[in-house]
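Asks: This is the structure I want to talk about, given as structure tokens.
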Amino acid sequence: MKIIFSFLSFLFLVAGYSHAASDYIYSSPVDNQDPIDQALFSIGLNRDACVFPLSGSAISSDKRFECPSYRLFLYNPFHIPYYASHIEYNFECYRDNLLRTMIFMSSRAGGAVARGYFTKPLASIEQRLENAESPLLSSLEEIWALNKLTMSSEEKDAISSAIRDVPDKVRFETARLLFTTTQAVHWQRKALKSVIDSDHRGLLENIPGRLTPLHFGRDKMRTITEEWERERYSDLRPLTGLVDDNYIFCGALDLMNSLEKTRANLSEELPPDEFHAAIETPLGFVVLNGAGQDNHYKDDRDYLLIVDFGGNDVYNAGGGCESAVKPVSILLDFSGNDAYVHTSSGLKALFGAGITGYGFLFDFRGDDKYISPQLTQGCGFFGVGWLVDFEGDDIYESLRYSQGFAHGGAGFLYDLQGDDVYFTFNSSQGCGETRGCGMLVDEQGNDQYIADDEDIRFPSAQTPKHNRSIAQGIGIGERADELDGHSLPGGIGILIDKQGDDKYSAGVYAQGAGFWNGVGILIDSNGNDEYKGAWYVQGAGIHGGVGSLNDRDGNDTYTATLHAAQGIGHDYAIGFFVDEKGNDAYFSPRLSLGTANENS
């Protein structure tokens, strides 16, 4: 029996109905009957018929690495609005419990770890803290031992002198974080063992450099040998499947468990004293600074831990790990209008970035600026990177791989208050690549999400006049059917904005889009919002992807200028566009407003 599949892309206009050209089949809405059931019945279909065959494959990729949500969405297309609401509801339930949020993200990335949900994985660390005569010194000795070193008596004396003026509570919490760091490093080393034992261990060296293409001038053309060597150097696909995601998340959850305890114990009542301590360890510098002064943290060193309690500080480094050798970097800033800036090189992972390791940045108060090129601002690349800003009007600027980006892990940017600006070009703002969950959540304020489409730095294949944005809630895979055939499925990218009149702008691939077995979701819960894009935007599923845009309330404006938008499924894909309330305006190009194309 041959089944004809059609109409898997939808535009729900909850407020009413509009009619198209006269050659279409019309069905007058019937009260108390589901409008989708009515629409399907009018063309001889029902919900059960509108699924892809279980034996089929939307796109040829390695199915081992699909994100768990993908098949769920693919075979239950009419439940996608419910599943999107469930994601929003889950986050709402755990918004004050960052450990639960990390468990939620790890499961969406394909992990199967929930350390700390019921058990107490830090129990042995707590016992060590209670039994130690000097908890901070003991935790530092553990770091030396981790690297098969023994702390000398001279080093012990120097450290004891350096921490003499540090308040007891700060010493204790620092010790907890450092003890947990040693535990996390053990997990990270287990995660990378298969890579190190393989012929691909060299790929762990200089991952930021491998992700950054060499610059060739217009008068310099690569030779064939140069092209092949560059491709071999930058091809990180073999790491997928060799890096053990579960072990990576074990370390991340232990660190988050410890960070939550430190946040609860230190954020409410800040130490009144001025103090300073700097300790060099085998895993990087530990720097503790009290309130009352503006500090400058330069990029001439690797930071394992920074705890700063006050001042308008400048950070040129911190909160990011880019090496499997020094895999943990934590930055906690409790007060002040701070600048997190690094523009001299695109080869450093900073400010909430974990590259084959863990990077955490928590900023608790102040109007802050975050400016750095790539691998930053909530980025996980075969690792876990988080940036959480609890208060203030903030500015986030980057080039790419940022603002909630993940490939093989989890990347999270969470901003709780303020009118914020998010500026980027590519692969950011809730972007999930293979085995990754990238997520950006903003709780309050009138925010701007900009994926720059005027300065053309990443011209798209669809039109060189627009950037390939890959932003604002997108899951994207690695397409290689016209290269070597070894494609990889996409991950899951999520952007959630809870309140405020917001503006979204992008070029191609953005605003709730899925490409090559990826899942992309954009949810805006409230406010009068503006959405602008060019092509494959606003609820777009492309080449086997699933894309969904859900706007809950407000008088909104949607503008797509070129092609395929606002509920478009193209090439074995599903596009969902849901606007629940408000007086809205739609400016739409060809293949839009609930269109299914090429078996979608």
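Asks: Kindly sort Asp96, Asp34, Asp235 by accessible area of their heavy atoms, largest first, with the probe set to 1.4 Å.
Replies: Correct descending sequence by accessible area is Asp96, Asp34, Asp235.
Asks: So what J values fall out for segment 95-109 if you push phi through Karplus, 6.51 cos²θ - 1.76 cosθ + 1.60 with θ = phi - 60°, rounded to Hz, Gly and Pro as x?
Replies: 4, 9, 10, 5, 5, 5, 5, 5, 4, 4, 5, 5, 5, 5, 7
Asks: Let me ask you something else. Quick one: which residues, 5+ away or cross-chain, put their amide H under 5 Å from the amide H of Glu397? H built at 1.01 Å from N.
Replies: HN-HN under 5 Å from Glu397: Tyr370, Ile371, Ser372, Phe423.
Asks: What FRET efficiency comes out for Ala480 versus Asp299 if R0 is 30 angstrom and r is the Cβ-Cβ distance? Round to the nearest 0.05.
Replies: 0.25
Asks: Using just the helices of the chain, give the 222 nm mean residue ellipticity in deg cm²/dmol: DSSP H runs with n ≥ 4 each add -39,500 (n - 2.57), and the total is spread over all residues, rounded to 500.
Replies: It lands at -7500 deg cm²/dmol.
Asks: Something else: Taking amide H atoms as placed 1.01 Å from N in the peptide plane, list the residues 5 or more away in sequence, or in a different chain, whose amide H sits under 5 Å from that of Leu242.
Replies: The list, which skips near neighbours in sequence, is empty: none.
Asks: A further question on this structure: Could you order Lys63, Lys532 so the one with the most accessible surface comes first? Probe is 1.4 Å.
Replies: Lys532, Lys63
Asks: Something else now. So what J values fall out for segment 35-52 if you push phi through Karplus, 6.51 cos²θ - 1.76 cosθ + 1.60 with θ = phi - 60°, rounded to Hz, Gly and Pro as x?
Replies: Working through the residues one at a time gives x, 5, 4, 4, 5, 5, 4, 5, 10, x, 10, 9, 4, 5, 6, 8, 9, 6 Hz.
Asks: Put +1 on the Cβ of each Lys and Arg and -1 on the Cβ of each Asp and Glu in the chain; which of Ile306, Phe52, Gly209 then has its Cα farthest toward the positive end of the dipole?
Replies: Of Ile306, Phe52, Gly209, it is Phe52.
Asks: Over segment 339-461, what is the relative contact order in whole percent, taking alpha-carbon pairs under 8 Å and six or more residues apart?
Replies: Rounded, it is 20 percent for segment 339-461.
Asks: Now for a different question. In whole Å, what is the distance between the alpha-carbon centres of segment 298-354 and segment 386-463?
Replies: 18
Asks: Rounded to whole Å, give me the distance from the Cα center of segment 538-565 to that of segment 483-535.
Replies: First find each Cα centre; the distance between them is then 8 Å.
Asks: Next question, about the same structure. Counting only other residues whose beta carbon sits under 15 Å from that of Ser152, what net charge do I get with K and R as +1, D and E as -1?
Replies: My count for the surroundings of Ser152 gives -3.
Asks: Using only Cα atoms, tell me the angle between helix 224-234 and the longest principal axis of the chain; keep it within 0 to 90° and round to the nearest 10.
Replies: 70
Asks: Could you pull out every residue, at least 5 positions away or on a different chain, whose amide H is within less than 5 Å of the one on Asp584? Hs are placed 1.01 Å off N in the peptide plane, and Pro or chain starts have none.
Replies: Amide H to amide H, under 5 Å and 5 or more residues apart or across chains, Asp584 pairs with Asp556.
Asks: With a cut-off of at most 14 other beta carbons within 10 Å, and DSSP calling the residue loop, which trypsin sites (Lys or Arg not before Pro) in segment 198-302 qualify? Please list them.
Replies: Arg218, Lys220, Arg222, Lys298, Arg301
Asks: Can you pull the semi-axes for segment 252-298, root of five times each eigenvalue of the Cα gyration tensor, sorted largest first, whole Å?
Replies: Those come to 21, 19, 8 Å.
Asks: Per residue, how much space in cubic angstrom lies within the convex hull of the C-alpha atoms of segment 220-323?
Replies: 169
Asks: Let me ask you something else. By what distance, in whole Å, do the Cα atoms of segment 513-600 stretch along each of the three principal axes, largest value first?
Replies: Over segment 513-600, Cα extents along the principal axes are 33, 22, 16 Å.
Asks: Straight-line reach only, C-alpha to C-alpha below 29 angstrom: list the lysines that Lys532 could link to, leaving out same-chain residues fewer than 8 apart.
Replies: Lys369, Lys465, Lys498, Lys503, Lys581
Asks: Rounded if a/c is under 1.5, else prolate if a/b is larger than b/c, else oblate: which is segment 451-513, with a ≥ b ≥ c the root eigenvalues of its Cα gyration tensor?
Replies: Note, shape of segment 451-513 comes out oblate.
Asks: Kindly sort Tyr558, Tyr89, Tyr401 by accessible area of their heavy atoms, largest first, with the probe set to 1.4 Å.
Replies: Tyr89, Tyr401, Tyr558
Asks: Still on this structure: From Cα pairs below 8 angstrom and at least 6 apart in sequence, can you work out the relative contact order of the chain, rounded to a whole percent?
Replies: 12
Asks: Please label the shape of segment 84-230 as rounded, prolate or oblate, based on the square roots a ≥ b ≥ c of the eigenvalues of the alpha-carbon gyration tensor (a/c under 1.5 means rounded; beyond that, a/b larger than b/c means prolate, else oblate).
Replies: Verdict is oblate for segment 84-230.
Asks: I need the shape label for segment 315-374. Rule: rounded when a/c is under 1.5, else prolate if a/b > b/c, else oblate, with a, b, c from the alpha carbon gyration tensor.
Replies: The shape class here is oblate.
Asks: Net charge near Ile456: determine it from the other residues with C-beta under 12 Å of the C-beta of Ile456, scoring Lys and Arg +1 and Asp and Glu -1.
Replies: Within the 12 Å Cβ shell, the charges total -1.
Asks: Please enumerate, by chain and number, the lysines with C-alpha under 23 Å from the C-alpha of Lys190, excluding those fewer than 8 residues away in the same chain.
Replies: Within the straight-line limit of under 23 Å, Lys190 reaches these lysines: Lys120, Lys148, Lys326.
Asks: While we're here: If ligands, DNA and RNA are left out, what is the accessible area of Val243 with a 1.4 Å probe, given in Å² to the nearest 10?
Replies: Answer for Val243: close to 10 Å² accessible.
Asks: Per-residue HN-Hα couplings for segment 67-83, Karplus 6.51 cos²θ - 1.76 cosθ + 1.60 at θ = phi - 60°, whole Hz, x for Gly and Pro?
Replies: With coefficients 6.51, -1.76 and 1.60, one gets 6, x, 6, 5, 5, 4, 5, 4, 9, 9, x, 6, 9, 4, x, 5, 4 Hz.
The values are calculated or read from the model by the stated rules, or taken from the named source; none is laboratory data. Small disclaimer: the values here were computed from a predicted structure and weren't measured. Neighbour counts run over all protein chains shown; Cβ positions are idealised from the backbone, glycine included. Accessible surface is based on the protein model in full, side chains and every heavy atom, while ligands, DNA and RNA are left aside. Shrake-Rupley method; radii C 1.70, N 1.55, O 1.52, S 1.80 Å.
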